[in-house]
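The structure appears right after this line, and notes come after that.
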Amino acid sequence: TPPAALGPSRAIVRRLAALFSVDSFAGGLVLNSLVALWLFDRFGMSLAAAGAFFFWTGLLGAASQLLAPVLARRIGLINTMVFTHIPANLCLIGAGLAPRLDVALGLLLMRSALSQMDVPARGAFVMSAVTPAERPAAASYTAVPRSLAAAASPSLTGAMFAAGAMAAPLVIGGVLKIAYDVALYRAFRRVEAERGG
(Lines give C-alpha, C1' and ligand atoms only; values in the text may rest on other atoms or scores of the structure.)
Protein backbone atom coordinates (compact mmCIF):
# COMPACT_ATOMS: atom_id res chain seq x y z
CA THR A 1 0.00 0.00 0.00
CA PRO A 2 1.53 3.36 -0.97
CA PRO A 3 2.10 5.88 1.85
CA ALA A 4 -0.78 8.25 2.50
CA ALA A 5 -1.47 11.36 4.51
CA LEU A 6 -3.33 10.94 7.76
CA GLY A 7 -6.92 9.92 7.16
CA PRO A 8 -9.08 7.75 9.42
CA SER A 9 -6.51 7.84 12.23
CA ARG A 10 -6.05 11.61 12.23
CA ALA A 11 -7.85 12.21 15.55
CA ILE A 12 -5.89 9.51 17.39
CA VAL A 13 -2.56 10.73 16.02
CA ARG A 14 -3.29 14.32 17.01
CA ARG A 15 -4.12 13.28 20.56
CA LEU A 16 -0.98 11.18 20.76
CA ALA A 17 1.14 14.03 19.38
CA ALA A 18 -0.25 16.42 22.00
CA LEU A 19 0.44 13.98 24.84
CA PHE A 20 3.91 13.09 23.57
CA SER A 21 4.71 16.81 23.43
CA VAL A 22 3.93 17.18 27.14
CA ASP A 23 6.28 14.28 27.91
CA SER A 24 8.99 15.71 25.68
CA PHE A 25 8.65 19.20 27.19
CA ALA A 26 9.04 17.70 30.65
CA GLY A 27 12.06 15.69 29.48
CA GLY A 28 13.69 18.87 28.20
CA LEU A 29 13.62 20.24 31.72
CA VAL A 30 15.98 17.49 32.87
CA LEU A 31 18.51 17.02 30.08
CA ASN A 32 21.72 15.30 31.23
CA SER A 33 23.71 18.52 30.96
CA LEU A 34 21.24 20.31 33.21
CA VAL A 35 21.12 17.45 35.70
CA ALA A 36 24.93 17.50 35.77
CA LEU A 37 24.88 21.23 36.55
CA TRP A 38 22.41 20.55 39.37
CA LEU A 39 24.65 17.79 40.77
CA PHE A 40 27.67 20.10 40.66
CA ASP A 41 25.82 22.90 42.40
CA ARG A 42 23.82 20.88 44.92
CA PHE A 43 26.36 18.27 45.94
CA GLY A 44 29.72 19.43 44.60
CA MET A 45 30.04 16.35 42.40
CA SER A 46 33.32 16.13 40.47
CA LEU A 47 33.53 16.08 36.67
CA ALA A 48 35.11 12.61 36.69
CA ALA A 49 32.36 11.21 38.91
CA ALA A 50 29.69 12.84 36.75
CA GLY A 51 31.19 11.31 33.60
CA ALA A 52 31.16 7.83 35.13
CA PHE A 53 27.65 8.33 36.46
CA PHE A 54 26.20 9.36 33.10
CA PHE A 55 27.96 6.42 31.44
CA TRP A 56 26.01 4.08 33.72
CA THR A 57 22.72 5.92 33.29
CA GLY A 58 23.13 5.67 29.51
CA LEU A 59 23.91 1.98 29.76
CA LEU A 60 20.88 1.32 31.94
CA GLY A 61 18.68 3.31 29.56
CA ALA A 62 19.86 1.25 26.60
CA ALA A 63 19.28 -2.00 28.48
CA SER A 64 15.78 -0.91 29.43
CA GLN A 65 14.90 -0.43 25.76
CA LEU A 66 16.01 -4.00 25.07
CA LEU A 67 13.79 -5.30 27.86
CA ALA A 68 10.76 -3.29 26.79
CA PRO A 69 9.57 -5.72 24.04
CA VAL A 70 9.70 -8.64 26.50
CA LEU A 71 7.55 -6.72 28.97
CA ALA A 72 5.20 -5.44 26.26
CA ARG A 73 4.46 -8.99 25.12
CA ARG A 74 3.34 -9.81 28.66
CA ILE A 75 1.40 -6.71 29.70
CA GLY A 76 0.79 -4.72 26.50
CA LEU A 77 2.25 -1.56 25.00
CA ILE A 78 0.29 1.04 26.97
CA ASN A 79 0.87 -0.75 30.26
CA THR A 80 4.59 -0.97 29.49
CA MET A 81 4.72 2.75 28.76
CA VAL A 82 2.78 3.82 31.84
CA PHE A 83 3.72 1.27 34.50
CA THR A 84 7.46 1.77 33.96
CA HIS A 85 7.29 5.53 33.40
CA ILE A 86 5.43 6.44 36.60
CA PRO A 87 7.97 4.77 38.97
CA ALA A 88 10.79 6.31 36.93
CA ASN A 89 9.36 9.76 37.42
CA LEU A 90 8.69 9.23 41.10
CA CYS A 91 12.43 8.51 41.29
CA LEU A 92 13.11 11.78 39.44
CA ILE A 93 11.02 13.74 41.93
CA GLY A 94 12.69 11.91 44.82
CA ALA A 95 16.14 12.74 43.43
CA GLY A 96 15.23 16.41 43.29
CA LEU A 97 14.34 16.30 46.99
CA ALA A 98 17.19 13.99 48.09
CA PRO A 99 19.28 15.24 51.02
CA ARG A 100 22.48 13.40 50.02
CA LEU A 101 24.41 12.68 46.84
CA ASP A 102 24.28 8.89 47.20
CA VAL A 103 20.49 8.97 47.56
CA ALA A 104 20.10 11.26 44.54
CA LEU A 105 22.39 9.13 42.38
CA GLY A 106 20.65 5.91 43.43
CA LEU A 107 17.26 7.35 42.49
CA LEU A 108 18.55 8.66 39.18
CA LEU A 109 20.05 5.25 38.37
CA MET A 110 16.72 3.58 39.16
CA ARG A 111 15.02 6.10 36.92
CA SER A 112 17.42 5.30 34.07
CA ALA A 113 16.68 1.59 34.41
CA LEU A 114 12.97 2.27 33.81
CA SER A 115 12.52 5.53 31.97
CA GLN A 116 13.41 4.39 28.44
CA MET A 117 11.13 1.36 28.30
CA ASP A 118 8.40 3.57 26.90
CA VAL A 119 10.46 4.53 23.82
CA PRO A 120 10.08 1.34 21.74
CA ALA A 121 6.58 0.77 23.13
CA ARG A 122 5.56 4.29 22.11
CA GLY A 123 6.71 3.80 18.52
CA ALA A 124 5.05 0.41 18.29
CA PHE A 125 1.80 1.77 19.68
CA VAL A 126 1.68 4.62 17.17
CA MET A 127 2.21 2.15 14.32
CA SER A 128 -0.50 -0.16 15.67
CA ALA A 129 -3.00 2.69 16.08
CA VAL A 130 -2.97 3.73 12.41
CA THR A 131 -3.50 2.03 9.08
CA PRO A 132 -0.38 0.75 7.27
CA ALA A 133 -0.60 3.49 4.64
CA GLU A 134 -0.68 6.19 7.33
CA ARG A 135 2.40 5.00 9.23
CA PRO A 136 5.01 7.34 7.67
CA ALA A 137 2.76 10.37 8.19
CA ALA A 138 1.92 9.29 11.74
CA ALA A 139 5.60 8.87 12.60
CA SER A 140 6.35 12.38 11.37
CA TYR A 141 3.26 13.94 12.93
CA THR A 142 4.14 12.59 16.38
CA ALA A 143 7.92 13.20 16.16
CA VAL A 144 8.03 16.84 15.05
CA PRO A 145 5.92 18.28 17.91
CA ARG A 146 8.00 16.27 20.40
CA SER A 147 11.20 17.82 19.05
CA LEU A 148 9.75 21.33 19.21
CA ALA A 149 8.48 20.82 22.76
CA ALA A 150 11.85 19.48 23.93
CA ALA A 151 13.60 22.52 22.45
CA ALA A 152 11.40 24.93 24.39
CA SER A 153 11.97 23.73 27.94
CA PRO A 154 15.74 23.96 28.67
CA SER A 155 15.53 27.76 28.74
CA LEU A 156 12.89 27.45 31.46
CA THR A 157 15.27 25.25 33.46
CA GLY A 158 17.95 27.90 33.04
CA ALA A 159 15.57 30.54 34.40
CA MET A 160 14.78 28.36 37.42
CA PHE A 161 18.47 27.75 38.05
CA ALA A 162 19.15 31.48 37.84
CA ALA A 163 16.39 32.10 40.37
CA GLY A 164 17.99 29.63 42.78
CA ALA A 165 15.31 26.94 42.38
CA MET A 166 17.81 24.27 41.36
CA ALA A 167 15.66 21.24 42.25
CA ALA A 168 12.47 22.65 40.73
CA PRO A 169 13.06 21.35 37.17
CA LEU A 170 13.42 17.76 38.43
CA VAL A 171 10.25 17.96 40.49
CA ILE A 172 8.22 19.80 37.84
CA GLY A 173 9.51 17.50 35.10
CA GLY A 174 8.54 14.44 37.13
CA VAL A 175 5.08 15.79 37.91
CA LEU A 176 4.41 16.68 34.26
CA LYS A 177 5.57 13.27 33.11
CA ILE A 178 3.30 11.51 35.60
CA ALA A 179 0.39 13.68 34.44
CA TYR A 180 1.21 12.59 30.86
CA ASP A 181 1.26 8.93 31.92
CA VAL A 182 -2.13 9.16 33.61
CA ALA A 183 -3.67 11.00 30.66
CA LEU A 184 -2.21 8.50 28.19
CA TYR A 185 -3.53 5.54 30.16
CA ARG A 186 -7.00 7.02 30.51
CA ALA A 187 -7.22 8.01 26.85
CA PHE A 188 -5.74 4.91 25.19
CA ARG A 189 -5.91 1.88 27.48
CA ARG A 190 -8.94 0.58 25.57
CA VAL A 191 -7.60 1.37 22.09
CA GLU A 192 -4.92 -1.30 22.27
CA ALA A 193 -7.43 -3.95 23.39
CA GLU A 194 -9.90 -2.95 20.67
CA ARG A 195 -7.20 -3.33 18.02
CA GLY A 196 -6.10 -6.70 19.29
CA GLY A 197 -2.90 -5.48 21.02
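State in Å² the accessible area per residue of the chain; use a 1.4 Å probe, count heavy atoms of protein chains only, and round to the nearest integer. Display every interim value, and only then the final one.
Values: 9430 Å² over 197 residues.
Spelled out: the 1.4 Å probe surface of the chain, per residue, equals 48 Å².
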Exercise. Between Val103 and Trp56, how many nm apart are label points set 7 Å from Cα along the C-beta direction?
Worked result: 1.8
Problem set entry | Highest-fluctuation residue, Ile172, Ile75, Ile93 considered, GNM on the chain with Cα pairs under 10 Å | Ile75
Seminar exercise, completed: Rounded to whole angstrom, the alpha-carbon centroid of segment 43-90 lies from that of segment 122-146 at a distance of 23
Problem set entry | Relative contact order (percent, whole number), the chain, Cα cutoff 8 Å, 6+ residue spacing | 42
Exercise. Pick from Ala88, Ala187, Ala48: which is most flexible by mean-square fluctuation in a GNM of the chain where alpha carbon atoms under 10 Å apart are linked?
Worked result: Ala48
Problem set entry | Check: the chain dipole with +1 on Lys, Arg Cβ and -1 on Asp, Glu Cβ, in debye | 460
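Over segment 91-197, what is the relative contact order in percent, taking alpha-carbon pairs closer than 8 angstrom and at least six residues apart? All intermediate terms of the calculation are to be shown ahead of the outcome.
Details: 51 pairs, mean separation 39.9, N = 107.
Normalised by residue count, the contact order of segment 91-197 is 37 percent.
What does the charge count around Gly164 come to, taking other residues whose C-beta lies under 13 Å from its C-beta (Lys +1, Arg +1, Asp -1, Glu -1)?
Once positives and negatives cancel, what remains is 0.
What's the carbon and sulfur percent of the chain's accessible surface, probe 1.4 angstrom, rounded to a whole number?
Working: 6380 of 9430 Å².
Of the solvent-accessible surface of the chain, carbon and sulfur hold 68 percent.
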For this session: Grab the DSSP H runs of the chain that are 4 residues or longer, score each as -39,500 (n - 2.57), total them, divide by all residues and round the 222 nm result to the nearest 500 deg cm²/dmol.
Result: -28000 deg cm²/dmol
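The values are calculated or read from the model by the stated rules, or taken from the named source; none is laboratory data. As the structure is a prediction and not an experimental result, all values here were calculated from the model. Reconstructed Cβ throughout: ideal geometry from the backbone, glycine too, with neighbour counts over all protein chains shown. Calculation scope for accessible area: heavy atoms of the full protein, side chains included, ligands and nucleic acids excluded. Shrake-Rupley method; radii C 1.70, N 1.55, O 1.52, S 1.80 Å.
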